[in-house]
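Here's the structure we're looking at; comments come further down.
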Amino acid sequence: MQSAYRLAANALLVFHACYATFVVLGFCLTLAGILARWEWIRNVWFRSLHLAAILTVVAESLFGAKCPLTTWENDLRKLAGQTGYQGDFIAQWLHDLLFFEVNPWVFTVCYTLFGLAVLATFVLAPPRWRKKCDRQDLTSPL
């Protein structure tokens, strides 16, 4: 049973890493798309999901809430007989990657500034609904 918990914890970790990558890479692609005039970056679904993803992180940070994905993964690791990590997922990931420690408020400021930057892209390149094709094109005989 412990191997099932370990597998679930690892799957959750992969999902969490994908979530963080979506937030960061989505912002970078949006900025590149603004400069390159890519129309796909104006997709309302992509932009709305991206904004919701970073606003969730900002809200958790501002309210001092631990990310539920982090909590869930740590609980699964304990059930698997492993040890979890302390703090937030991103904070731990950055610590492991860059080997530095800062006060949690620094991450709150970074998350908030990043969220504001994502909001700014809504002004620079507002999302658009797809244009509907002309009904006449669909009903005209071939």
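Computed from the coordinates by the stated procedures, all read-outs in this text should not be read as laboratory data. Owing to the predicted nature of the structure, the values given are computational and were not obtained by experimental measurement. Here the Cβ positions follow ideal geometry from the backbone for every residue, glycine too, while neighbour counts run over all protein chains shown.
When the label point is put 7 Å from the Cα of PHE63 along its Cα-to-beta-carbon vector, which residues of the stretch 1-42 have a backbone N closer than 17 Å? Under cut-off, by backbone N: nothing. Amide H contacts for ASN43 (H built 1.01 Å from N in the peptide plane; partners 5 or more residues away or on another chain; cut-off under 5 Å): ARG128. The stretch 8-37 and the stretch 58-84 have their alpha-carbon centroids 20 Å apart. Note on the stretch 7-47: Cα-only Rg and Dmax are 13.4, 42 Å.
With a simple spin-label model that places each label point 7 Å from the Cα along the Cα-to-Cβ direction, the separation between GLN82 and TYR19 comes to 1.7 nm. Taking amide hydrogens as placed 1.01 Å from N in the peptide plane, the amide H of CYS67 sits under 5 Å from those of PHE89, each at least 5 positions away in sequence or on another chain.
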